[in-house]
Amino acid sequence: MSSSWSLNSNKLLAAIYVSIVTAVSVLSLLSFVDSLAKDSYDNVVYAQRYTATTFVSTTNSPPIQSANNNSATSNNTIVSTLGTATTKVKPDNVAIILGVETTNKTAKAALSTNSATMNKVLSDLLAAGVRKNETSTSAFSISPNYNYSQGRNIITGFTAANSLQIKSSNINNTAKWIDTAISSAGATTINSLDFTLSDKKLEEIISGLIKQAIDSARSKADIAASTLGLKILGIRSVNVNELEQPPSPAPFLQRGQLATEAVTPAANPTPIIPGQEQISASVSIVWLTGNC
């Protein structure tokens, strides 16, 4: 009797142990399946969120869509065009820088000779039509001249240089003034000669070119929109650029030539040709369009 009860007890314990192990296994399996399901759901939600935000524009310019797309609104398509305009004009201002260089044994003697010559240059230019308020001193210097001999620099004399600048709108007298300064007055250098446009004339020209460039940009936009089955509704942005291309610098005589030729008056007037300046303007416009 005791042996039979002991055997049955062992079988009962074994059965309970198997049941517990099975229950634990089932619970573990259910937990694993639940975890997989949760991960899958999270991935689906993340994918849906990602898909929903990839087409959201963070700017005020939504992506271009086809005109046949019924869901497209009137501001979904933009057209960008570039209009240009160019012209060539004659300058109305001239700037001349001329000078006198004199050399003597002492600085005082060099300055005295230079001052006398420059005063004559200025006087003759005023008589030739240059206005006093059109002249100014551009540069002035007195420097020693050296001769390197026997291992040292020896001062051999001094050079005085004085430069006069003329700025005038009377460009037709340019050649006359140069001939007067060099041939009769005694100037020895022409440092520069530039023809430019006055601010007033340049502003007037650029204003006209901008209008032409805008008309060109609008014409191109109308053609593009019409071809695509769209119409221009307005302007989103405008960018204006202007470019002034100065003429090539006018040639001038070198100092050595002037120093030699200044003694003899010029037989013929010096040919001075102002040339032309090229001025351009461009306008970049972004147009808002809609369906016709």
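Since every read-out is calculated from the coordinates, none of them should be taken as a lab result. Bear in mind that the values here come from a model prediction, so they are computed numbers and not experimental data. Every residue, glycine as well, gets a Cβ built from its backbone with ideal geometry; the counts of neighbours run over all protein chains shown.
Quote the FRET efficiency, to the nearest 0.05, computed for Ser123 versus Asn172 with a Förster distance R0 of 25 Å and r equal to the Cβ-Cβ distance.
0.70
Out of residues 5 or more away from Trp287 or on other chains, whose amide H comes under 5 Å of its own, with H placed 1.01 Å from N in the peptide plane?
Residues meeting the amide H criterion: Val79, Ser80, Thr81, Arg236.
In Å, the Kirkwood hydrodynamic radius of the range 122-229 over pairs of distinct alpha carbons?
Evaluated over the range 122-229, this radius sits at 19.2 Å.
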